[in-house]
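A quick write-up on the structure given underneath.
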Amino acid sequence: MNETAPILLVFHDEDDGAWQMLPSGGADASEAMIVGLKQLIQLDETLLEIANLPLGWLAWRESKSSPWIPRPKSELPAD
């Protein structure tokens, strides 16, 4: 929200339908905030490209000008 880093990773949580929008390195929980989707789209209109991302999926991109790559979270390797 402070426009210091672009949103490069988006999760659409399967359990509660919430969205998580993060910079490339993630974010510390202490920096989390609840923000209206309209505010986020005003900062980055490319979020509209993934507005229909299914529950349990994520999308990422290399930079703000790169295309979004959507994937089911279940396809990611376990840590």
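On the stretch given as the stretch 47-67, residues that are in a loop (DSSP other than H, G, I, E, B), free of Cβ contacts under 8 Å to residues at least 40 places away in the same chain and not polar (S, T, N, Q) total 2. Scanning the stretch 16-69 for residues that are over 14 Å from Ala5 (Cα atoms), surrounded by 11 or more Cβ atoms within 10 Å (Cβ to Cβ) and charged (D, E, K, R) turns up just one, Glu49. Sub-8 Å Cβ pairs linking a first residue in the stretch 8-34 that is modelled with pLDDT under 80 to a second residue that is assigned to a strand (DSSP E or B), at least 6 apart or interchain, are Ser24/Leu9; Gly26/Leu9, ordered by first then second residue.
The values are calculated or read from the model by the stated rules, or taken from the named source; none is laboratory data. What you see is a predicted model, and the numbers here were worked out from it, not measured in a lab. Neighbour counts run over all protein chains shown; Cβ positions are idealised from the backbone, glycine included.
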